[in-house]
Every structure is written in structure tokens, then in C-alpha cells.
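Notes to accompany the following structure.
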Amino acid sequence: MNDDPRRRAPAASRNRAPILEVLRKYLPESGTVLEIASGTGEHISYFAAAMPHLNWQPTDIDPAALSSTTAYCKDADLANLAMPQRLDVTSSNWPYAPAAGVICVNMIHIAPWPCCEGLVRGAASVLEGRAPLLLYGPFKRNGVHTAPTNDAFDQTLRGQNPEWGVRDMEAVEAVGRDIGLDEAMAIEMPSNNFCLILRRGAASL
């Protein structure tokens, strides 16, 4: 019987280095970075080791994910990596302000749309200044899939749950604009994914 709570996501080992390159460029030099939907915990333990000048706070709503992330955090044994906390992104009160950045990897397409809206609203409530919200995953552009594989993936997701699916990037950007994250930047990533960065424009501060 395997009592190891650590879970493993093959995609994490493939995409963590490219995501780290983006984080190095767009995160500030100090402060606390909040990760939403930490999942297995593989990403945040890797990022915390690579960027020791930042403090890292993992979160999730799923008990199994929290257990897995706790195990990875304990194994990492890093002073800048906190134990994970439960967070419902649809909550109106996120107790993590101020945040130097909020990151979320591969969540919004496997959650109902209100979770995406709650994520953007919650991030806006805790981010300081022009600190970024960084979303990684597949996106449609202007309602069109960027690759046939993403189209097939979208159909699979919607077959599992009709409230899931690859999101339209412009719809996510619109949510950001409505609550003050009015600057958006899309960075193409491997395997037909994107990093979408939302933050307050300089003129809005």
C-alpha cells in the first residue's frame, strides 16, 4: 500500500522551466507570491527553490492537493516556502494581501467560469501596485482555438463537465479590465499554451 500523499503531474516537469523564465522576468525582487490551485505542489516547490528572494504561499481547495503540496513543501524544506492553505477562489475575502504576484497554472479550463472570475477578482484585491496576475494554460484567441490539439482537448473537457473548457483569452482580459487589471500581455509558450499576464496599468495607479 502506498501512503505517499505526493501526486505527480507529467506536465509539471515539462512546463515548469519555461514558466520559470517568465516569472523571473515579470515578478518583482521581493515580496510574497501567491499560487492558486497548487495541485500536486511540484510547481511551487520548484519555483521557490529557484527564486529564494521571494516568499511563496501555495493554496488549493482540494484536500488531496493540499496533502500533496504539504508533502512537497516539507521535502523542499525551504525558509521561503510556506505550508499550503485552503482557498476558495470564489470567496470575497482573500487573507493574503499584499501580494507581489499571483500565479495560477492550468486551472481555469478545469473549473467553472465563475471560478475564473473569482480568481481575477480575488487577485486584484490582494495585488499591490502593478504586481502581476499570471495565468498559464491553453487559451482560445478571439473565440478560435490556436491548435487542433487544443480543440480536441476542449471537447474532452466539456465531455467531462459542460462547465469546463478552454477559455477565450479576450473574455478573461475583459474580466480583468472590469476590476482594474487593465493591462494585458500574452506570451506564447511551448505546446500551444500561453502565459497571460494581467496587471494595473501605470495610468490607473
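The values are calculated or read from the model by the stated rules, or taken from the named source; none is laboratory data. As the structure is a prediction and not an experimental result, all values here were calculated from the model. Cβ placement follows ideal geometry from the backbone for every residue including glycine, while neighbour counts extend to all protein chains displayed.
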Selection count where residues are closer than 19 Å to residue 9 by Cα, surrounded by 24 or more Cβ atoms within 10 Å (Cβ to Cβ) and of a type outside the set (Gly, Ala, Ser), scope the stretch 29-46: 4
Where a residue in the stretch 124-153 is without any contact (Cβ under 8 Å) to a residue 60 or more places away in the chain and among the polar types (S, T, N, Q) and its partner, wherever it lies, is part of a loop (DSSP other than H, G, I, E, B) and surrounded by 24 or more Cβ atoms within 10 Å (Cβ to Cβ), with Cβ under 9 Å and at least six apart: 146/138; 149/138; 150/138
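Only one residue in 63, 5 is of a type outside the set (Asp, Glu), over 16 Å from residue 123 (Cα atoms) and either buried (at least 21 other Cβ atoms within 10 Å of the Cβ) or at pLDDT below 95 (or both). Which one?
Numbers: 63 fails: either buried (at least 21 other Cβ atoms within 10 Å of the Cβ) or at pLDDT below 95 (or both).
Exactly one of 63, 5 is of a type outside the set (Asp, Glu), over 16 Å from residue 123 (Cα atoms) and either buried (at least 21 other Cβ atoms within 10 Å of the Cβ) or at pLDDT below 95 (or both), namely 5.
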Search result, residues across the stretch 2-25 that are over 20 Å from residue 191 (Cβ atoms) and not basic (Lys, Arg): 2, 3, 4, 5
Condition check for residue 97: at pLDDT below 95 and either closer than 27 Å to residue 160 by Cα or touching a Ser or Thr at 6+ places or on another chain (Cβ under 9 Å) (or both): yes
Residues that are under 14 Å from residue 180 (Cβ atoms) and assigned to a loop (DSSP other than H, G, I, E, B), drawn from the stretch 92-135: 128, 129, 130, 131, 132
Sole exception among (1) more than 25 Å from residue 190 (Cα to Cα); (2) surrounded by 23 or more Cβ atoms within 10 Å (Cβ to Cβ) for residue 58, by number: (1)
Residue tally, condition closer than 30 Å to residue 168 by Cβ, out of contact with any Pro (no Cβ under 8 Å at 6 or more places or on another chain) and surrounded by 15 or more Cβ atoms within 10 Å (Cβ to Cβ), over the stretch 67-112: 14
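For (1) of a type outside the set (D, E, K, R); (2) out of contact with any Ser or Thr (no Cβ under 6 Å at 6 or more places or on another chain); (3) modelled with pLDDT of 95 or more; (4) crowded, with 17+ Cβ neighbours inside 10 Å, each residue gets a yes or a no:
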residue: 117; (1), (2), (3), (4): no, yes, yes, yes
residue: 130; (1), (2), (3), (4): no, yes, yes, no
residue: 134; (1), (2), (3), (4): yes, yes, yes, yes
residue: 144; (1), (2), (3), (4): yes, yes, yes, no
residue: 154; (1), (2), (3), (4): no, yes, yes, yes
residue: 161; (1), (2), (3), (4): yes, yes, yes, no
residue: 170; (1), (2), (3), (4): no, yes, yes, no
residue: 199; (1), (2), (3), (4): no, yes, yes, yes
Within the stretch 70-91, considering residues that are assigned to a helix (DSSP H, G or I) and touching a residue at least 12 places away in the same chain (Cβ under 8 Å), the one farthest from the chain's Cα centre (by Cα): 75
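Would you call residue 188 among the charged types (D, E, K, R), within 23 Å of residue 20 (Cα to Cα), part of a helix (DSSP H, G or I) and free of Cβ contacts under 8 Å to residues at least 40 places away in the same chain? Reasoning before the result, please.
On the way: among the charged types (D, E, K, R): yes; within 23 Å of residue 20 (Cα to Cα): yes; part of a helix (DSSP H, G or I): no; free of Cβ contacts under 8 Å to residues at least 40 places away in the same chain: yes.
No; evaluated as a whole, the condition is false for this residue.
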Checking residue 33 against (1) assigned to a helix (DSSP H, G or I); (2) within 16 Å of residue 135 (Cβ to Cβ); (3) in contact with a Leu (Cβ under 9 Å, 6 or more places away or on another chain), the condition it does not meet: (1)
Filter result for residue 130 (basic (Lys, Arg) and under 30 Å from residue 152 (Cα atoms)): no
